[in-house]
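A short write-up of the structure that comes next.
FYI, it's all coordinate maths here, none of it is from the lab. Predicted model, so just to flag it, every value in this text is computed and none were measured. Backbone-built Cβ (ideal geometry, glycine too); neighbour counts: all protein chains shown.
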Amino acid sequence: AVEDDSLENKERIKITFAETGFGRTWIENAAKTFVYENPEYWIYLDGDPEVTTGFTNKLETGAAIADIYMVLASNWYDLALKGWIEPIDDVYDSKPDGESGKTVREKTDEVFLEYSKATVRNETKSYVLPWNENVTGIVYNADMFEEYGWEIPETMDEMVALCNQIISDTKGEVSPFVYPGSVGGYFDFLVNNWWLQVSGVEKVQEFFDFGSADVFNYRNAEDPSYGKLVALNQFNRLFGNKATGTYNGEEYSYTLSGSASKNHLQAQQSFIRGEAAMIPNGGWMECEMTNSLPDGFTMRMMRTPYIDDVSGKDGQEYISYNYSAQPDYMLIPSKANNIEGAKKFLSFLQRDDILKQYTRDTGSARPFEYELDSSFDYTDFTDDCLEIWENSDYNYFEQSKSALWLNGKVKLYNTVSPFTRIRSGEMTPAVFCGTEYNYVKENWDIWLSEIGAN
């Protein structure tokens, strides 16, 4: 890969990618291998942390457009309907490992394969390729856990007991948790996992299909949003205003003071400084904080704890979920200058050796069928993340092709964010769910009318 537009007799492929948690080493390595094997091309890498919020205007106008965009979780379906994205079924039907290998389609996780499709002018085609398969859970200070002899909690009862133990053992000097309060999404990593534990994949997906306002009904166990209520109750146990432990007669919150105003980097710095023992986060955190880690500091990842009274598989084992959040993806604009080269590179990225290289460079998996490099010395953190990814009964991310969702009429949480209100004690989880259900019922027909579906 080079960053020079003056090369002659070679075709340029411009790639604009979200240069965030996973950095750029992975794409530089992939690009170098590609141009070595395909000398008729050169690659211009445009790392842009803000690309997700600004690329749609370029898709529409075609001005200074890239041949490939790699962006973070966002709605692409509407862009396909507008004709701004190139269909890539030929990429999915290509064989990156050679004629005897599998097609990209055969290697792609089925859930992501379905996610990639859109029906445009009565034709269903694939328009995006998945980027990461994220792992989420609770990152913990492994050195601190070893120093004090704390055990990894499997259940929420054990987690609450651990929080009390952390306060007692550290004399209130270390908070059990810090969290990024000014950045959305981090609590979803826990709450949506608990929701899946309670309701299961089918009920949660029924919610995201938004067939009627009743998907927000939370009163009975068979209701799609019942699990949401139970999950918010678990959130309240760890992060609510009554989530406190006692040392020497004084109460200490389970969460570090000031967390509500911290962004993700500030919260992660507090965690690294030892101000808190744990932080809700994802598999990108170690890579994102590489340049900030003190020598010898070890972070690790634990699963989201199981809710104790949720029935387990076969009456014994809990069903394990990895909530991977909304997916990041790759696409080719319909107005791209080098569509053929872009398609060739996207197919190349799904080759076994390139997939393995990605995991070595980022510590993260991709949702394709490939063997991990067992000879590579991964960090303990990466080992934990890969173990969660490989051994979860379900790797789940939220998706919806409902027009209400795509047009922003209905959301995961409506009226207000429950987290701030529950943390402050202003609302109980039940009051939030009830208020939300009534609000959605009152507005449902209005929303349908506004999108022309009534």
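Of the GluC sites (Glu not before Pro) found in segment 168-246, those that fall in a DSSP loop while having at most 10 other beta-carbon atoms within 10 Å are Glu222.
The fraction of Cα-Cα pairs per 5 angstrom bin, counted from 0 for segment 299-401, comes to 2, 10, 16, 17, 17, 15, 10, 7, 4, 2, 1, 0 percent, rounded to whole percents.
Note on Arg121 and Glu387: the extension gain reaches 91.5 nm, defined as 0.36 nm multiplied by sequence separation minus the Cα-Cα distance. Per residue of the chain, the DSSP helices (runs of n ≥ 4 H) give a summed -39500 (n - 2.57) that works out to -11500 deg cm²/dmol at 222 nm.
The loop-placed trypsin sites (Lys or Arg not before Pro) in segment 230-328, going by DSSP, that have at most 10 neighbouring Cβ atoms within 10 Å of their Cβ come out as Lys242. Across the chain, C-alpha contacts under 8 Å between residues 6 or more apart give a mean separation that, scaled by the residue count, equals a relative contact order of 24 percent.
Between segment 425-447 and segment 36-98, the alpha-carbon centres lie 38 Å apart. Sequence-distant contacts, meaning Cα pairs under 8 Å at least 6 residues apart, place the relative contact order of segment 24-117 at 13 percent. For segment 23-66, state which GluC sites (Glu not before Pro) are in a DSSP loop and have at most 14 other beta carbons lying within 10 Å of their beta carbon. Those satisfying the criteria are Glu40, Glu50.
Pairwise Cα distances in segment 94-253 exceed 29 Å in 43 percent of cases.
The Asn220 and Glu28 beta-carbon pair, evaluated with R₀ = 41 Å, returns a calculated FRET efficiency of approximately 0.20. Quick check: convex hull of the Cα atoms in the chain, volume per residue, rounded to a whole Å³? Expressed per residue, the convex hull around the Cα atoms of the chain is 163 Å³. Each eigenvalue of the Cα gyration tensor of segment 132-216, multiplied by 5 and square-rooted, gives one semi-axis; in descending order these are 33, 14, 12 Å. Here segment 220-343 was treated as a single set of alpha-carbon atoms; its pair distances binned every 5 Å from 0 give 2, 7, 12, 14, 15, 14, 12, 9, 7, 5, 2, 1, 1, 0 percent. For segment 219-348, the relative contact order is 10 percent, taking Cα pairs closer than 8 Å that sit 6 or more residues apart in sequence and dividing their mean separation by the residue count. With only the Cα atoms considered, segment 50-105 has a convex hull volume of 110 Å³ per residue.
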